[in-house]
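The values are calculated or read from the model by the stated rules, or taken from the named source; none is laboratory data. Just so we're clear, the structure is a prediction, and the values are computed from it rather than from any experiment. Ideal geometry is used to build each Cβ from the backbone, glycine not excepted, and the neighbour counts take in all protein chains shown. These area figures cover heavy atoms from the full protein model, side chains too; ligands, DNA and RNA do not enter into them. Shrake-Rupley method; radii C 1.70, N 1.55, O 1.52, S 1.80 Å.
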Amino acid sequence: MQTYKIFESKHHQWLVFGRDPEKPNKIIDTNQYMVVTKNNALLMDPGGIELFSVMLAAIVKHVPIEKITHLFASHQDPDIISSLGLWDQALPDATLHSPWLWEGFIRHFGMDHIEYSPIPDEGYPLRIDDANLTFIPAHYLHSSGNFNVYDEEAKILMSGDIGAAIEGADAPLYVENFDEHCQKMTMFHQRWMPSNRAKNDWVERVSKLEIDMMCPQHGRIFKGDDVKRFLDWFYKLEVGTALANKT
C-alpha cells in the first residue's frame, strides 16, 4: 500500500492510500483518502474488507489509531465500506458520516460501536479542529444516495466514483494526458452513471466551487486545468447507456 501526501497547511493535511501491488488480481484498485488535523482524522471511503490489514498498517505510520475519530462512506458499495465491521472493532468511539438512505444497508457490514451520523440529502458541513469540510450532494452518481467531500482551504473535491478509471496499481497518481485518460473513463461513466439530468446538475453545482484537485475513488487525481476539462467532458457525455431511452 502506497501513501502520498497531496496537501499540507498549518491546519491539516490530505493523505492518499492506494496503488497496492499486493492486492488480489480480481479486486479493483481503490484510493482511500484521509484528512489529518491537529487532534483528529477523517478517513474517507476506507475500502473493502480485504484491504483492512494493509490500510491499518499504512495509517498507523502517520497517525495513532485513536486519532481517527471520523469515517465517511460516500455510498453503500462494498469496495468503499465493507471493512466497516473491522473498523468498528478498531475505532469504537468514531462517528461514521454516510447518506441517511443507506444506513439500514451499511449496517449489514457490521456496526456495533461506531456512531452513525446520517447525512441528509442536502449535505452538511463538518468542522474538525480547524479544518472545514462540506458533504456535497452527488446523488445518482452512481448511487441514489451519494456524496462528495469538499475542502475549501485545500480546494480539494473528493469525488468518489465520479472521475473514476479502472487501472493497475502501477498507474501514475495524477492525470498526465487528459485526452488519453478519457479513453479509460468513458465506458465506466456511461454504464455506471444512470442519469444525464443528475450528472448535469452535479456539474453545475461543483463548477461554482474552487477546485485545484479532484480526487476520485479509482484511478488518477485531476489537477489544475484538468479539473475543468473533466467537468466539460462529463457534462457533454451521454450516460445511462444500459437503457434504450436515456434520462
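Structure summary
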item	result
Crossing angle, helix 225-236 versus the chain [Cα axis fit, 0-90 degrees, rounded to tens]	60
Computed label-point distance, nm, for sites Ala169 and Lys26 using a 7 Å Cα→Cβ extension	1.7
The chain, relative contact order in percent, only Cα pairs under 8 angstrom and at least six apart counted	15
Protein-only accessible surface order, largest first, of Arg191, Arg197, Arg220 at 1.4 Å	Arg197, Arg191, Arg220
Hull-based mean projected area of the stretch 1-136, where the convex hull spans the alpha carbons, in square nanometres	7.8
Computed accessible area, Glu176, all protein chains, 1.4 angstrom probe, square angstrom	140
Relative compactness, the chain, computed as alpha-carbon Rg over 2.2 N^0.38 Å	0.94
Area of Ser207 that stays accessible when all protein chains are in place (1.4 Å probe, Å², to 10)	70
On Cα atoms only, tilt of 196-206 relative to the major axis of the chain in degrees	60
Residues of the chain: accessible area per residue with a 1.4 Å probe, Å²	45
Set Lys23/Lys61; Lys184/Lys223; Lys184/Lys208; Lys61/Lys228; Lys10/Lys208; Lys67/Lys223 screened for pairs whose C-alpha atoms are more than 24 Å apart	Lys184/Lys208; Lys61/Lys228; Lys10/Lys208; Lys67/Lys223
Trypsin sites (Lys or Arg not before Pro) within the stretch 8-104: DSSP coil, no more than 15 neighbouring Cβ in 10 Å	Lys10, Lys26, Lys38, Lys61
Rounded percent of accessible protein surface that carbon and sulfur make up, the chain, 1.4 Å probe	50
Amide H within-cut-off set for Tyr174, under 5 Å, with H built and near neighbours excluded	Ile221
Tilt relative to the chain, helix 178-192 - C-alpha long axis, 0 to 90 degrees, to 10	80
Spin-label model distance (nm) - Thr69 vs Glu152, 7 Å beyond Cα toward Cβ	2.1
